[in-house]
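J.: Below are the structure tokens for one structure; questions will follow.
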Amino acid sequence: MVKVTNRQVVEELRKGDRNGAAHLVDLYQSRLISEAASVFHIPVLDSEEIVNDVLLAVIQGIESFQFSKSDGDFHFWVMTIFRNRVRDHMRHQTLSEGWMANFAESEKENAEEYTETELEVTRSILRQYGESLRIADQNEGGGGKSPGKLERIGEVLDSLETWERVLLRCRALDVPYEDIAKYTGKTAKQLKVYHARVKKKFVKLLAQYYPELAGI
Amino acid sequence: MKRDPVDILIQMAFLEGNVTTHGLYEETVLKKKVGDEASKEARRNLIARLEAVLNEKAQAQNVRDTIGSFLKNIRLERSLQPQEISAQVGIGGNIYRMLEEDRISPLKISAASWKNFRLFLGVPMEKLEDMIRRTLQLIVFQPSFKTTLARYKDKKGGGKKADALKRAARELYSKAKLPLPEKDERELSELLKEISA
């Protein structure tokens with residue numbers, strides 16, 4: 001495959017050059033399908049649809065895109081569109097009944113790692129999130145602003161030590177331990193060992209917001 | 001791969017914008033080795049869809065400007081207020097609004113105002129001539145298109161048909177030769193002569 005720069009792809013798409021479409025697909029189709037399927041666990045067929053939508057949106061909005069710092073700006077722009085499409089898919093899934101079943105599946109897989117109270121805390125947050133989505137959906141006909149019930153996750157993460165916070169955020173998105181190590185001052189090996197422990201600490205802190213569940 | 005409930009929550013918070021990795025995640029995506037997740041057929045189909053969108057956009061760009069579309073675009077581009085343009089051109093606010101919506105015949109605007117229009121907005125005479133002609137054609141022929149479209153409005157699925165017809169009408173305007181009635185053609189020639197004098 002011939003290496004093309006992002007600037008070249010953007011220029012081709014703006015000019016309506018057919019090569020631009022092929023280059024965009026070569027750069028992003030497989031990459032994003034893999035990302036949606038492996039990181040966000042979206043079924044492959046749905047992942048393909050999402051990525052089709054993302055790349056169509058890129059072409060539709062290419063005139064509004066501007067390079068401000070470097071060639072990499074384009075990648076960040078594409079990733080923002082991707083993230084928004086994945087979010088919409090997840091919101092839709094959360095509103096459907098199938099989502100809680102998926103979540104219950106993940107709970108079974110992790111039954112040994114978390115206590116019932118800890119699992120109930122994560123379940124409660126997800127239920128609240130689903131509820132706020134339903135309310136937003138009824139009030140705005142869907143597609144509204146973020147329901148905001150996940151702000152607590154950000155707050156609790158902020159209360160952790162910096163390296164713990166970086167570790168949890170990045171591992172949830174499948175960033176390799178070796179890359180995280182560069183930003184934390186800890187070795188990849190140490191991070192692997194600490195990961196499960198930090199997750200437990202995070203859930204414990206989260207549980208403080210749900211004292212009513214402590215007696216389970 | 002096993003899914004962890006904590007990872008799920010953090011992912012949701014990331015997608016909703018409550019959590020960020022400050023670009024580390026996006027950089028990681030770029031560094032990952034890409035496999036053959038998309039089949040050759042899926043690749044071909046997607047390229048065909050994207051090319052179709054590129055073609056549609058190119059066709060839309062080929063549609064020639066009317067006075068209304070030109071004014072709307074230039075006002076947004078240059079962040080101008082309607083009053084600024086109408087004052088410089090020497091027409092009233094109502095007339096300006098109608099011009100921007102292509103609801104008034106360009107023959108009803110004086111040559112002096114068109115000259116001001118040219119100077120203030122920096123439009124070459126050739127382009128102005130083309131826009132005035134296009135707008136006049138729109139004013140003359142639009143009512144017959146509207147009558148046709150109205151027949152579809154109340155029928156089942158009429159919305160879709162009406163949309164398709166609107167697109168067809170737009171394309172037709174851009175490609176068709178629409179001969180103006182003799183009287184309009186005569187008046188238009190006189191106006192254009194006056195403007196370029």
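J.: Can you sort A:Ile81, A:Ile135, B:Ile8 from fewest to most other Cβ atoms within 10 Å of each residue's own Cβ?
T.: Ranking A:Ile81, A:Ile135, B:Ile8 by Cβ neighbours within 10 Å, fewest first, gives A:Ile135, A:Ile81, B:Ile8.
J.: Within 10 Å of each Cβ in peptide A:5-14, how many partner chain Cβ atoms are there on average? Round it to a whole number, please.
T.: 1
J.: Let me ask something else about it. Work out the P(r) tail for the stretch A:149-206: percent of alpha carbon pairs separated by more than 15 Å, whole number.
T.: So the pairs more than 15 Å apart make up 43 percent of the total in the stretch A:149-206.
J.: Among A:Ser64, A:Ser132, A:Ser70, which comes first, then next, by fewest other beta-carbon atoms within 10 Å?
T.: Working: A:Ser64 7, A:Ser132 16, A:Ser70 11.
Going from least to most buried by this count: A:Ser64, A:Ser70, A:Ser132.
J.: Could you work out the mean count of beta carbons from other protein chains within 10 Å of each residue's beta carbon in A:199-206?
T.: Across the residues of A:199-206, the mean count of other-chain Cβ atoms within 10 Å is 2.
J.: Just flag the GluC sites (Glu not before Pro) in the stretch A:145-197 sitting in loop per DSSP whose Cβ has no more than 12 other Cβ atoms within 10 Å.
T.: Those satisfying the criteria are A:Glu161.
J.: If you take the square roots of the eigenvalues of the alpha-carbon gyration tensor of the stretch B:26-129 and sort them as a ≥ b ≥ c, do you get rounded (a/c under 1.5), prolate (a/b over b/c) or oblate? Before the final figure, lay out the partial values.
T.: Numbers: a/c = 4.09, a/b = 2.74, b/c = 1.49.
Note, shape of the stretch B:26-129 comes out prolate.
J.: Which of the pairs A:Lys69/B:Lys57; A:Lys204/B:Lys31; B:Lys57/B:Lys127; A:Lys3/B:Lys127; B:Lys32/B:Lys57; B:Lys127/B:Lys177 have their Cα atoms more than 29 Å apart in this structure?
T.: From A:Lys69/B:Lys57; A:Lys204/B:Lys31; B:Lys57/B:Lys127; A:Lys3/B:Lys127; B:Lys32/B:Lys57; B:Lys127/B:Lys177, over 29 Å: A:Lys204/B:Lys31; A:Lys3/B:Lys127; B:Lys32/B:Lys57.
J.: Using the count of nearby Cβ atoms within 10 Å as a rough guide to exposure, how do A:Thr94, B:Thr21 rank from fewest to most?
T.: Numbers: A:Thr94 22, B:Thr21 18.
If I rank by nearby Cβ atoms, fewest first, I get B:Thr21, A:Thr94.
J.: Starting from the coordinates of the alpha-carbon atoms of chain A, obtain the Kirkwood hydrodynamic radius over all distinct pairs and give the value in Å to one decimal.
T.: When all Cα pairs of chain A are included, the Kirkwood radius is 19.9 Å.
J.: Starting at 0 and stepping by 10 Å, how many percent of the alpha carbon pairs of the stretch A:6-95 end up in each bin?
T.: It works out to 17, 50, 27, 7, 0, in whole percents.
J.: Here is a follow-up. Between A:Lys15 and A:His92, what's the calculated FRET efficiency when r is the beta-carbon distance and R0 is 41 Å? Round to 0.05.
T.: On the way: r = 35 Å, r/R0 = 0.86.
After rounding to 0.05, the efficiency reads 0.70.
Quick note: the coordinates plus some simple rules give every number you see, no bench work behind them. Computed from a predicted model, the values in this text were never measured in an experiment. No Cβ is skipped: glycine too gets one built from the backbone with ideal geometry, and neighbour counts run over all protein chains shown.
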